[in-house]
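What follows is one structure encoded as structure tokens, with my remarks underneath.
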Amino acid sequence: TGKVNFATAANFATRAGTIVLSSVPAGVTVRRAYFYYFTIGGSVVSATFMGSPIPVTSIGTQGGRFCYRHEVTGSVTANGSYPWTVRGSNIQTEARGGALLVIYDDPSLIADYDIEIHDGLNGGSNLSGASQCPWPNATSFTGFVVDGTAPREAQLAYLMTGGGAGASEHYVFKVTSG
């Protein structure tokens with residue numbers, strides 16, 4: 001909450017790649033940065049970001065699909081190129097890409113904003129077996145108050161992977177007020 005906004009960038013690569021971040025405005029302060037990576041065929045046993053090893057932190061599994069997140073705030077302070085690698089548990093492990101979610105303070109904004117993060121895998125589970133991702137169930141974002149001093153607005157970003165040719169995926173958005 002605050003005068004905050006976010007930027008995202010992603011790339012598709014099989015075991016290594018470079019994410020090019022170019023949408024962070026000059027002069028802002030990065031509050032948090034998260035690196036997401038996704039694999040199929042096997043779990044990740046090691047990963048690097050900016051050439052340094054990072055902990056492998058699972059945030060969801062579904063069959064042979066795995067989703068990971070690591071906070072990289074100390075390494076991401078502005079736009080730039082951010083290389084990454086993953087090594088899987090077996091030769092069939094294949095990364096499906098990497099993504100950055102960067103949350104930054106922007107004093108030029110005229111109002112305060114809330115940022116909610118819902119992450120995990122579609123239909124997946126967390127390490128304890130509980131549902132990790134809100135889909136395919138409905139998700140409500142509540143507690144947003146319009147104070148009348150700024151136009152109503154909302155931004156939504158999806159960092160997605162998986163699926164395949166012919167996969168049937170549907171996303172429906174319904175806005176209500178009250």
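The values are calculated or read from the model by the stated rules, or taken from the named source; none is laboratory data. Worth saying up front: this structure is predicted, and the values here are computed from it rather than measured. Cβ coordinates were reconstructed from backbone atoms using ideal geometry, including for glycine residues, and neighbour counts include every protein chain displayed. Remember, those area values only see protein heavy atoms, side chains included, never the ligands or the DNA or RNA. Shrake-Rupley method; radii C 1.70, N 1.55, O 1.52, S 1.80 Å.
Which number in (1) within 15 Å of A10 (Cβ to Cβ); (2) of a type outside the set (D, E); (3) open to solvent by less than 20 Å² (accessible area, probe 1.4 Å); (4) modelled with pLDDT of 85 or more marks the one condition that A95 misses? If we test A95 against (1) within 15 Å of A10 (Cβ to Cβ); (2) of a type outside the set (D, E); (3) open to solvent by less than 20 Å² (accessible area, probe 1.4 Å); (4) modelled with pLDDT of 85 or more, just (4) comes out false. Quick one: is G41 of a type outside the set (V, I, T) and open to solvent by 70 Å² or more (accessible area, probe 1.4 Å)? For G41, the condition - of a type outside the set (V, I, T) and open to solvent by 70 Å² or more (accessible area, probe 1.4 Å) - is not met. Here region 68-82 is the region considered, the condition is being surrounded by 14 or more Cβ atoms within 10 Å (Cβ to Cβ) and outside any loop (DSSP other than H, G, I, E, B), and the residue that is farthest from the chain's Cα centre (by Cα) is G80. Give me the residue from region 13-47 that is under 17 Å from the mean Cα position of the chain (by Cα) and among the polar types (S, T, N, Q) and, out of that set, modelled with the lowest pLDDT. Once the filter is applied, the top-ranked residue is T39. Listed by first and then second residue, the pairs linking a residue in region 1-26 that is over 19 Å from M50 (Cβ atoms) to a residue that is surrounded by 19 or more Cβ atoms within 10 Å (Cβ to Cβ) and aromatic (F, W, Y), with Cβ atoms under 6 Å apart and 6 or more places separating them unless they lie on different chains, form an empty list.
Per the conditions (1) touching a Phe, Trp or Tyr at 6+ places or on another chain (Cβ under 7 Å); (2) at pLDDT below 90, the sole criterion not satisfied by S89 is (1). Restricting region 52-67 to residues that are assigned to a loop (DSSP other than H, G, I, E, B), modelled with pLDDT of 80 or more and of a type outside the set (S, T, Y) leaves a set whose member that is most open to solvent (accessible area, probe 1.4 Å) is P55.
All told, V45 meets the bar of being aliphatic (A, V, I, L, M) and in a strand (DSSP E or B).
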